[in-house]
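So the structure is just underneath, and the comments pick up after that.
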Amino acid sequence: MNTTRPADAPGGGEFDLIARHFQRQGRPAPAQVALGIGDDCALLVPTPGRQMAISTDMLVEGRHFFPDADPNALGHKALAVNLSDLAAMGATPRGFTLALALPSADDTWLGAFASGLFALADAHQCPLIGGDTTRGPLNLCITVFGEVPPAAAMRRQAARPGDDVYVSGLLGEARLALEIRRQTEWACVHTPEADRPDLMQRLDRPKPRVALGRALGGIAHAALDLSDGLVGDLTHILRASGVGAILDWASLPRAAAIARLPETHQHTCLLHGGDDYELLFTAPANQRQTIERAAHTSQTPVHRIGHITDTALDLQLVDAHGISRAIVGHGYDHFA
């Protein structure tokens, strides 16, 4: 783990910071890690016959999380969003690196951050194998490494006309939580206090659907994880595959907190909300029972919400009255 010392790092400097918070003494390296933290590069041992799946995500204070974010939850989420990308490819996690810019070397903050990070890493047998630290505005960047059999990788351009469209879990709760945290009037008025802790968990501690992604390998056609909202992310699949889709409004899975909202705000959360980190995927209609078994095996609920058509980039929504209308949307733009 290469380092550039924060100017006010406590005694021992950057290497002591790493030893205190990120170098886990007494833990044998997993078989896939030939060399971990300490050298200029880590060395991973690839599994014969598998392809490497690699994803990088950056979380920037003020852009992706609030300045007063709980560091334990932030550690969890920083890794979760990367594991979610592996899930969308049907890959098995093998390790990750962490690049961390810190305004100061705060041991209390770092201890809580590392605790949240490693709890999720251990749950998915995904060790930290290296990275970088420096002084600067708070910025977290993780690169995760996984493996997938070539025939099992799920790619955005693989959706086909006639495929069913599925999502895992529930939609929109993270967006509602974000609006409550922003103190948006409609979100606060329609959401009882009793519902808010669970909503905040959905925003702060998403569950990467790694087990479901692996179970879908070789069954599903196209997949991605829902980070920027259902319409925006589904449009990525439609554009890459040259197809269209019809969604059924009544089939979109929603929690009670979402169902209580006026329909206009349900649309905001269900169709255009981000940070769900559920899997959105397509699969042949003749694989419905296999999809149900994959959901059961991975202990992850899935919902069939529509189907793929042969009309390129035409996305339609059938409302509760059976009326179809075109819907458009774009994913989250970091430069907007």
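Counting charges near H321 (Lys, Arg +1; Asp, Glu -1) among other residues having Cβ under 14 Å from its Cβ returns a value of -2. Compute the whole-percent fraction of alpha carbon pairs in region 156-310 spaced more than 19 Å apart. When all Cα pairs of region 156-310 are counted, 51 percent exceed 19 Å.
Going by accessible surface with a 1.4 Å probe and the largest first, H76, H272 read H272, H76. Rolling a 1.4 Å probe over the heavy atoms of the protein chains gives region 36-89 an accessible area of 50 Å² per residue. The residues packed around T191, meaning those with a beta-carbon under 15 Å from its beta-carbon, carry a net charge of +1 if Lys and Arg are +1 and Asp and Glu are -1. How much of the pair distance distribution for the chain lies past 34 Å, counting alpha-carbon pairs only, in percent? Everything past 34 Å amounts to 28 percent. Rounded to the nearest 10 square angstrom, L313 shows an accessible area of 100 square angstrom against a 1.4 Å probe. Put simply, region 51-90 fits an ellipsoid with semi-axes of 24, 10, 7 Å; these come from the alpha carbon gyration tensor as the roots of five times its eigenvalues, largest first.
Share of carbon and sulfur in the accessible area of the chain stands at 51%, probe radius 1.4 Å. Beta bridges per DSSP, both residues in the chain: antiparallel share near 75 percent. Under the simplified labelling scheme, the Q201-Q289 pair shows an inter-label distance of 3.5 nm, with each label point 7 Å from Cα along Cα→Cβ. Here the simple spin-label model places points 7 Å from the Cα toward Cβ, and for T134 and D16 these points are separated by 2.4 nm. Given a 1.4 Å probe and the protein chains as shown, R156 ends up with an accessible area of around 110 Å².
Note on M200: accessible area approximately 30 square angstrom, rounded to 10, probe 1.4 Å, nucleic acids and ligands left out. With the helix formula -39500 (n - 2.57) applied to DSSP H stretches of n ≥ 4, the chain reaches a computed 222 nm mean residue ellipticity of -10000 deg cm²/dmol.
The gain in end-to-end length when the R239 to S324 segment is fully stretched comes to 28.5 nm, 0.36 nm per residue minus the alpha carbon separation. Contact order for region 214-336, expressed relative to its length and based on alpha carbon pairs under 8 Å spaced 6+ residues apart, stands at 45 percent. If the segment from A29 to A123 were pulled out straight at 0.36 nm per residue, it would be longer than the present Cα-Cα gap by 32.3 nm.
For R214, neighbours were defined as the other residues whose beta-carbon sits under 15 Å from its Cβ, and their charges (Lys and Arg +1, Asp and Glu -1) total +2. Using the alpha carbons alone, the radius of gyration of region 33-167 stands to its Kirkwood radius in an Rg to Rh ratio of 1.02. Derived value for region 117-247: Kirkwood hydrodynamic radius 17.9 Å. Basis is the mean of 1/r over every pair of different alpha-carbon atoms. Stretching Q299 away from R155 to a fully extended chain increases their span by 49.5 nm, per 0.36 nm per residue minus the current alpha-carbon distance.
The values are calculated or read from the model by the stated rules, or taken from the named source; none is laboratory data. Predicted model, so just to flag it, every value in this text is computed and none were measured. As a convention, Cβ positions derive from the backbone with ideal geometry for all residues, glycine included, and neighbour counts pool all protein chains shown. Keep in mind that these areas ignore ligands, DNA and RNA; they rest on the heavy atoms of the full protein, side chains included. Shrake-Rupley method; radii C 1.70, N 1.55, O 1.52, S 1.80 Å.
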